[in-house]
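Q: Sharing a structure below in C-alpha cells format, with a few things to ask.
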Amino acid sequence: QVQLVESGGGWVQAGGSLRLSCAASGTVFSIYNMGWYRQAPGKQRELVARITSGGSTNYQDSVKGRFTISRDNAKNTVYLQMDGLKPEETDVYYCNENYLLRNYWGQGTQVTVSS
C-alpha cells in the first residue's frame with residue numbers, strides 16, 4: 001500500500017521559515033519523481049517544486065530563491081525548505097509521487113503565514 005505522509009506544516013509569521021517533510025512507503029522511492037503542490041480553497045492545485053529521480057529540480061517562478069526541494073533516498077523522504085514565506089502562500093501543501101502512469105498524493109499539511 002502506497003502512503004505519503006506530510007509533516008512540518010504550521011503557523012509562521014511573514015518572512016519566516018518552515019520545513020516540510022514527506023515520508024513515502026510502499027514504492028521504490030528512488031525511481032519516483034517527487035513534487036510539492038499547494039492549493040487554496042476554491043483554487044486549482046499548483047506545482048510549487050519538483051525533483052526528479054535523478055535530482056534535477058524545478059520551481060514555480062514565485063518561489064525561486066526562497067524555497068528548496070531536496071530528497072533523501074535512504075530515508076524515502078522529500079523535503080521542502082521554505083524561507084521568506086508570504087501571507088499569500090497560506091495553503092494546504094501536498095506531496096506528490098509519480099512514475100510513468102503511477103501518481104500518488106499525500107493528505108496535505110496546512111501552512112498558515114500571518115502578516
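Q: Are there trypsin sites (Lys or Arg not before Pro) in the range 1-105 that DSSP marks as loop and that have at most 12 other Cβ atoms within 10 Å, and which are they?
A: Filter output for the range 1-105: LYS43, LYS64, LYS75.
Q: Which residue, THR68, THR77, THR27, tops the fluctuation ranking in a GNM of the chain built on C-alpha contacts under 10 Å?
A: Comparing THR68, THR77, THR27 in the GNM, the peak value goes to THR27.
Q: Further, regarding this structure: Enter the mean projected area of the convex hull around the alpha-carbon atoms of the chain, in nm², rounded to one decimal.
A: Over all viewing directions, the chain projects a mean Cα-hull area of 6.8 nm².
Q: While we're here: In straight Cα distance, which lysines are under 27 Å from LYS75, not counting same-chain residues fewer than 8 positions off?
A: LYS64
Q: Roughly how many nanometres apart are two label points built 7 Å out from the Cα toward the Cβ at ARG19 and THR68?
A: A separation of 1.0 nm, rounded to one decimal place.
Q: Between SER56 and ASN98, what is the spin-label point distance in nm, taking each point 7 Å from the Cα along the Cα→C-beta axis?
A: 1.5 nm
Q: Then there is this: Given a Förster distance of 35 angstrom, what is the FRET efficiency for SER114 paired with GLN1, based on the Cβ-Cβ distance and rounded to 0.05? Intermediate results must be reported in sequence, preceding the final value.
A: Working: r = 37 Å, r/R0 = 1.05.
For SER114 and GLN1, the calculated efficiency is 0.45.
Values quoted throughout were computed directly from the atomic coordinates according to the rules given, and no laboratory measurement underlies them. Just so we're clear, the structure is a prediction, and the values are computed from it rather than from any experiment. Ideal geometry is used to build each Cβ from the backbone, glycine not excepted, and the neighbour counts take in all protein chains shown.
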